[in-house]
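Structure first, commentary second.
The values are calculated or read from the model by the stated rules, or taken from the named source; none is laboratory data. Since we're looking at a predicted model, the values are computed, not measured. Backbone-built Cβ (ideal geometry, glycine too); neighbour counts: all protein chains shown. The area values use the complete protein model at the heavy-atom level, side chains included, leaving out ligands, DNA and RNA. Shrake-Rupley method; radii C 1.70, N 1.55, O 1.52, S 1.80 Å.
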2 protein chains.
Amino acid sequence: MTDTMRVIGSLLELAGQYEDRLPDLPPQPEAPAGAALAGLIDHTLLKPETTAAQVKQLCAEALKFKFATVCVNPAFVPLAAGLLRGGGVGVCAVVAFPLGASLPESKAAETRGVIQMGATEVDMALNIGALKGEAYGLALEDIRRVVEEAHAGAAQVKVIIEAALLTRREKVIACLLCREAGAAFVKTSTGFGPGGATVEDVALMRRVVGSGMGVKAAGGIRTLADALSMLRAGANRLGASAGVSILEEAGVK
Amino acid sequence: MTDTMRVIGSLLELAGQYEDRLPDLPPQPEAPAGAALAGLIDHTLLKPETTAAQVKQLCAEALKFKFATVCVNPAFVPLAAGLLRGGGVGVCAVVAFPLGASLPESKAAETRGVIQMGATEVDMALNIGALKGEAYGLALEDIRRVVEEAHAGAAQVKVIIEAALLTRREKVIACLLCREAGAAFVKTSTGFGPGGATVEDVALMRRVVGSGMGVKAAGGIRTLADALSMLRAGANRLGASAGVSILEEAGVK
């Protein structure tokens with residue numbers, strides 16, 4: 001029995017126990033108010049028709065409001081990294097996005113590429129078909145290789161599980177695989193799937209990963225109320241295209 | 001003035017002429033009837049939740065009906081190539097799919113990777129944001145690098161322009177860039193965008209690229225009538241998940 005098989009075996013055992021009873025939700029920090037909320041938001045623009053002019057505006061907004069990062073497709077990482085340099089705003093690049101069905105070596109190479117161009121965080125899509133087909137070793141290795149590349153470049157990895165496509169058991173296993181592989185965050189959704197972040201999924205993910213990992217809610221977060229409900233449910237990072245209007249709702253000018 | 005600038009200049013001049021008057025539709029070959037129709041269809045399964053078991057069934061169907069290729073995400077290329085070896089059915093892998101917004105070097109590396117694993121055709125997504133932002137040199141170079149990798153591996157490239165996101169002028173320029181870069185086909189849609197193949201787009205694309213290149217219609221082709229109308233409009237390859245039922249409608253058992 002290989003090490004990977006042993007690891008998978010104990011994850012599945014844990015997933016089995018969690019079907020009966022999940023760990024309690026760890027105590028959540030109070031959500032920051034007003035301008036400080038920006039530090040929890042990845043200011044996001046991922047539509048395929050996005051132009052350089054729009055990414056420039058995104059970066060200007062990020063510098064003004066001090067968002068955590070701008071989250072863009074790899075093709076815009078060089079532009080965003082240049083505009084944000086020294087401004088205290090990170091560059092988050094999506095990898096194998098949004099389907100997650102690339103070869104593991106392509107995911108690793110794309111991670112290396114975006115970090116070389118200036119990305120500080122990588123949001124990779126899980127190999128969902130591997131999870132659903134119970135090829136857990138493949139799904140784990142796929143994340144591990146991206147995490148290794150990212151750590152070599154001092155970047156952190158969020159793994160998008162696309163919760164709307166998963167059963168409850170698959171969501172639990174996905175979170176356990178991400179934690180095992182050394183990812184920094186689990187993330188609910190790509191925003192291109194059949195559903196976005198839900199309070200229920202965020203709470204489930206937080207209960208599975210505990211307090212030692214991040215949970216990013218993304219997909220359909222459009223208002224301050226949406227944002228606050230995700231934070232209360234256990235998220236500590238939000239992905240949104242509506243960051244500016246969310247902050248304006250919070251009274252930030 | 002660089003060579004690329006000169007090339008782009010003459011493509012834009014041509015696009016300007018085509019705003020007034022497109023070349024006529026070249027004479028179309030008669031659509032093959034019955035079982036021979038399969039040879040024009042890429043038997044396709046690209047949903048992120050696809051499992052290995054489903055790809056095995058897809059390949060079995062492709063061998064039975066003699067589809068042109070099986071079109072899958074990169075993660076399933078090794079499996080499909082193994083199952084189809086020697087069976088006269090190609091393996092078509094999508095690259096930078098469906099957003100097209102990867103780094104050019106990632107697209108090239110992913111192309112190299114899928115060909116090493118057995119892909120015989122590559123369907124890459126165009127850098128749509130570069131086209132819309134009028135960064136035509138970047139859009140052209142992006143295609144060229146994939147074509148170079150593919151040709152080195154004896155594979156051919158189809159470029160997905162995601163027509164539903166483009167203006168008429170952008171569609172014309174996209175087709176001219178693909179032809180200039182040495183792609184074998186232009187392809188209408190990813191199937192993940194806001195619209196699929198239309199008769200109007202297929203005819204436009206065929207009129208722009210002429211008879212020396214392929215036109216692949218994909219996205220929303222579900223019936224024999226859909227398939228035949230795309231072929232009559234100028235397509236010579238179809239991408240469909242419904243290939244088996246289309247053939248059954250055509251009387252193939």
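Chains B and A together bury roughly 2300 Å² of accessible surface, counting both sides and using a 1.4 Å probe on protein heavy atoms. B:Glu248 label point (Cα plus 7 Å toward Cβ) to equivalent points in the other copies: 5.3 nm, shortest first. Closest approach of a chain A beta carbon to the axis mapping chain A onto chain B (residue, whole Å): A:Ala109, 2. Among the protein heavy atoms, those of A:Arg145 account for about 90 Å² of accessible surface (1.4 Å probe, every chain in place). Computed from Cα positions, the angle between helix B:3-20 and the longest principal axis of chain B comes to roughly 80 degrees. Relative contact order of region B:100-154, taken over Cα pairs closer than 8 Å and 6 or more residues apart, is 50 percent. Anything losing 50 Å² or more of accessible area from the isolated chain to the full protein assembly: pick those residues out of region A:77-99, probe 1.4 Å, ligands and DNA/RNA ignored. Going by heavy-atom accessible area, the residues of region A:77-99 that drop by at least 50 Å² are A:Leu99. So what's the angle, to the nearest 10 degrees on a 0 to 90 scale, between helix B:136-152 and the longest Cα principal axis of chain B? With rounding to tens, the tilt is 40 degrees. Each other copy places its own label point for A:Leu12 at 5.9 nm from this one, sorted shortest first, where the point lies 7 Å along the Cα-to-beta carbon line. Among B:Arg206, B:Arg232, the sequence by solvent-accessible area, most first, with a 1.4 Å probe is B:Arg232, B:Arg206.
For region B:153-205, the relative contact order works out to 44 percent when only alpha carbon pairs closer than 8 Å and six or more residues apart are counted. For B:Leu63, the point set 7 Å out from Cα toward Cβ sits 5.9 nm from its twins in the other copies, listed from shortest up. Pairing the Cα long axis of helix A:104-116 with the longest principal axis of chain A, what angle in degrees results, from 0 to 90 and rounded to the nearest 10? The two axes meet at around 30 degrees.
How many angstrom separate the Cα center of region B:136-201 from the Cα center of region B:52-85? The two parts, judged by their Cα centres, are 24 Å apart. Which percent of the accessible heavy-atom area of region B:173-253 goes to carbon and sulfur, probe 1.4 angstrom? The computed percentage sits at 49.
Calculated from DSSP H runs of 4 or more alone, at -39500 (n - 2.57) each and per residue, what is the 222 nm mean residue ellipticity of chain A, nearest 500?
After summing the helix terms and dividing by the residues of chain A, the value is -14500 deg cm²/dmol.
Calculated FRET efficiency, B:Ala152 and A:Thr167, Cβ-Cβ r, R0 56 Å, to nearest 0.05? Calculated transfer efficiency: 0.85.
Couplings for region A:63-72, taken from phi via the Karplus curve 6.51 cos²θ - 1.76 cosθ + 1.60 with θ = phi - 60°, read 5, 5, 8, 6, 5, 4, 8, 9, 10, 9 Hz in order; Gly and Pro are left as x. If you run the Gaussian network model on chain A, springs between alpha carbon atoms under 10 Å, then out of A:Leu12, A:Leu40, A:Leu231 the most flexible one is A:Leu12. In the full protein context, region A:1-158 carries 41 Å² of accessible surface per residue, based on a 1.4 Å probe and ignoring ligands, DNA and RNA.
When you restrict to C-alpha pairs under 8 Å that are six or more residues apart and normalise by the size of chain A, the relative contact order lands at 19 percent. Using a probe radius of 1.4 angstrom, the carbon and sulfur fraction of the accessible surface of region A:44-149 is 51%.
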